[in-house]
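I have placed the structure first, in the form of structure tokens, so that the comments after it can refer back to it.
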């Protein structure tokens with residue numbers, strides 16, 4: 001499993017060449033060593049940030065329905081180098097037969113949101129629970145996806161998969177999500193307002209993208225458990241909506257010098 005990388009927050013503290021050397025050259029070196037060692041499976045942890053500009057529709061456009069078929073349009077050096085590393089995974093698979101699966105993971109970090117306006121507008125857990133609707137995966141489900149990828153890689157050979165909580169939305173919802181997301185959520189989860197109101201929480205007014213995990217569930221046999229519905233049930237029962245693993249690990253923050261993105 002290859003999860004080492006410079007990440008988005010490092011854009012503020014590292015040069016573009018650092019990203020190339022770590023995310024691209026580093027991945028190539030690992031792939032070549034994997035071929036030499038005749039490993040049976042190579043799983044590359046990538047990111048939904050690879051989709052980049054495809055994630056942000058215009059002001060009057062419907063929410064972006066993001067599947068693996070959406071063409072990547074990186075918006076920064078982080079996304080560009082992760083896409084390049086994915087291409088190397090595919091190249092080495094084609095040339096040498098190395099079973100290689102790419103997992104484009106959505107948000108699973110415990111740190112606060114990197115946008116100051118959202119940190120101000122929403123309590124941290126409020127925002128993370130909302131994100132389970134469209135752009136977050138619980139850490140426990142992210143881990144189980146990697147385990148399934150290791151198991152399935154030899155038979156699948158190669159593939160890219162979005163790893164995110166199962167959304168309740170369908171393509172029929174994407175226009176309304178940009179206008180009144182709260183009403184759309186209420187249509188799928190009647191009574192969520194009561195659960196939120198008891199905590200002084202609020203729903204996002206605009207959801208601009210939806211990550212779709214259908215292919216990962218089908219091909220990997222992956223069964224994520226921590227979705228928005230499960231979070232609501234936990235909250236109603238007075239429990240923390242995060243998995244035990246997520247609570248136990250907590251935040252593994254970037255180095256102090258790398259926090260300037262906040």
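Suppose the chain between residue 170 and residue 240 were pulled fully straight at 0.36 nm per residue; how much longer would it get relative to their current alpha carbon spacing? Write down the numbers at each step before the final one.
On the way: separation 70, 0.36 × 70 = 25.20 nm, distance 2.74 nm.
Full extension of this stretch gives 22.5 nm more.
Suppose R0 equals 25 Å; then what is the FRET efficiency for residue 3 and residue 118 from their Cβ-Cβ distance, rounded to the nearest 0.05? Spell out each step's value before the answer.
On the way: r = 26 Å, r/R0 = 1.03.
Calculated transfer efficiency: 0.45.
Choose one answer from 159, 229, 200: the residue with the largest mean-square fluctuation in a GNM of the chain with alpha-carbon springs under 10 Å.
200
Quick one: helix 26-37 against the long Cα principal axis of the chain, what's the angle to the nearest 10°, folded into 0 to 90?
So the inclination is approximately 60 degrees.
In deg cm²/dmol and to the nearest 500, what is the mean residue ellipticity at 222 nm of the chain if only DSSP H runs of at least 4 residues count, each as -39500 (n - 2.57), divided by the residue total? Don't jump to the answer; show the numbers that get you there.
On the way: 12 runs with 108 residues, N = 262.
When only DSSP H runs of four or more count, the value is -11500 deg cm²/dmol.
Name the most mobile residue of 83, 137, 184, meaning the one with the largest mean-square fluctuation, in a Gaussian network model of the chain with Cα contacts below 10 Å.
Per the Cα network of the chain with a 10 Å cutoff, 184 tops the list.
To the nearest 0.05, how large is the calculated FRET efficiency for residue 214 and residue 75 if R₀ is 25 Å and r is the Cβ-Cβ distance?
Working: r = 25 Å, r/R0 = 1.00.
Step by step, r from the Cβ atoms, then E = 0.50.
Taking the chain as the reference, fit the longest principal axis to its C-alpha atoms, fit the long axis of helix 139-156 to the helix C-alpha atoms, and give the angle between the two in degrees, 0 to 90, nearest 10.
40 degrees
What is the stretch 1-80 by shape, rounded, prolate or oblate, if you read a ≥ b ≥ c off the alpha carbon gyration tensor as root eigenvalues and call it rounded for a/c under 1.5, prolate for a/b larger than b/c, and oblate otherwise?
Working: a/c = 3.45, a/b = 1.60, b/c = 2.15.
Oblate, because a/c is 1.5 or more while a/b does not exceed b/c.
Using a cut-off of under 18 Å, list every residue of the stretch 94-119 whose amide N is near the label point 7 Å from the Cα of residue 155 along the Cα-to-beta-carbon line.
Residues 99-102 fall inside that zone.
All of the numbers you see were taken from the coordinates with simple rules; none came from a lab. On a predicted model such as this, the values are computed, not experimentally measured, just so you know. Don't worry about glycine lacking a Cβ; one is built from the backbone with ideal geometry, like all the others, and counts go over all protein chains shown.
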